[in-house]
Amino acid sequence: VRSQFQNCGLILSSATPSLETQNNINKNKYEHVFLSKQFSGLPLPSVELIDLTKNKLDKNNWISSIIFKELTNCLEKKEQALIFLNRRGYSPLSLCIECGYRFQCQHCSSWLVMHQQKKRLLCHHCGTILQIQNDCPKCSKKNSIKFIGPGVERVAEELTKYYPEKNIAIMSSDSANTPKKIKTIIDQFTNKKIDILVATQIMAKGYDFPNLSFVGVVDADAGLFGGDMRAIEKTFNLLQQVSGRAGRSQRAGKVMIQTYYPQQVVIQSLKNHDRASFIKQTLKEREQFAIPPFGYMTSIIFSGPSKSLIEKYASNLVQNSKKDKSIDVLGPVEAPRFLLRGQYRYRILLKGNNRKNLNKFTRQMLDLSPKPPLVKVIVDVDPYSFM
Ligand SMILES: [Zn+2]
Ligand SMILES: [Zn+2]
């Protein structure tokens, strides 16, 4: 924006620009040079979708036989593979098979993630740590706790069972939490000390591995239904970058993506290297629902020690507000992190097509219903996450 005033050119450099940038490009604000091939001039990798509704996974397996076949092929040629799963730890959910109890963070209500290497249950939102238990704290049944779903540690375990002779390593913010550790893993992979690298999004930054020829994506859907509209965009960029990995090597790269939703526009456009149709579709949806970059939003979060107090105040606020046809009031609903550091949280979303009106409406709304002393109100203009 600054360049506008200084009257000089502006180059926004990214192989995968954000939708806001893309919309500016569509409005011809910026010159846009399309990257149709990768910068090396090599062809883009071939992308194959594996429909998990048809290719059922075996019990307690997370990698399909199709990917295993391709992996074996890749390793026999002395090439390297990257297995991508954007989930830290061993298992995202610990559950009692007797009574259904789930280990949940007492401070922020997130599910606790089991980390086998660190031997703990960990909250990824607030850092709370619990010991791993095999007995249920609710119904006291012995050995009733089961770990549901995979994280990178569990996928690495599955690969190690299948390829006991191969070097399999994990790269996540747990195993690579310092620049030095990141460099060590990157060097080992570059020098072919690692055959298969299991990695989270930490891997999506630009590295070049000349011997990497296969990328398997364990769960492409993980980012699609996370409650954050921009998660779809992030997932697309991430997968495009990760699949770009395989194509940057000197060999023809191959990418396989496991999904339960092969018809999803994001997944389809990824397969077809068709960023344009992904952008068109997503911008169309955003225009329909008047969400950024086509509309304006304000999120109001209410928090306090009593659930009923917060809920009642937030509901009164909506009921007492002046009706305005140009503004949508959504909620109150439980905020995405309903319980945070002992405080209950509710949220109201306001949506409109004019920022000034929206701000005025917000102010009026809060003035009409003065808040009780124990309630805290946070107003977030153009919130990053708005589902
Ligand atoms: Zn139980
Ligand atoms: Zn927590």
Matching residues, the stretch 249-275, being within 16 Å of CYS74 (Cα to Cα), open to solvent by less than 60 Å² (accessible area, probe 1.4 Å) and modelled with pLDDT under 75: SER249, GLY253
Every residue from the stretch 95-122 that is closer than 16 Å to VAL152 by Cα and open to solvent by less than 10 Å² (accessible area, probe 1.4 Å): LEU112, MET114, HIS115, LEU121
Any chance GLN133 is at pLDDT 90 or above, away from ligand 2 (no atom under 16 Å from the Cβ), open to solvent by 30 Å² or more (accessible area, probe 1.4 Å) and over 29 Å from GLN258 (Cα atoms): yes
The one condition in (1) basic (Lys, Arg); (2) free of Cβ contacts under 8 Å to residues at least 60 places away in the same chain; (3) at positive phi that LYS356 fails to fulfil: (3)
Exclusive hit being within 16 Å of ligand 1 (Cβ to nearest atom), of a type in the set (D, E, K, R) and at pLDDT below 95, set ARG102, ARG88: ARG102
Any chance VAL318 is surrounded by fewer than 18 Cβ atoms within 10 Å (Cβ to Cβ) and assigned to a helix (DSSP H, G or I): yes
Failed criterion for ALA156 (all others in (1) modelled with pLDDT under 95; (2) surrounded by 15 or more Cβ atoms within 10 Å (Cβ to Cβ) hold): (1)
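The values are calculated or read from the model by the stated rules, or taken from the named source; none is laboratory data. Predicted model only: the values in this text are computed from it and were never measured. Every residue, glycine as well, gets a Cβ built from its backbone with ideal geometry; the counts of neighbours run over all protein chains shown. For the accessible areas, the whole protein counts, side chains as well, though only heavy atoms, and no ligand, DNA or RNA atoms are used. Shrake-Rupley method; radii C 1.70, N 1.55, O 1.52, S 1.80 Å.
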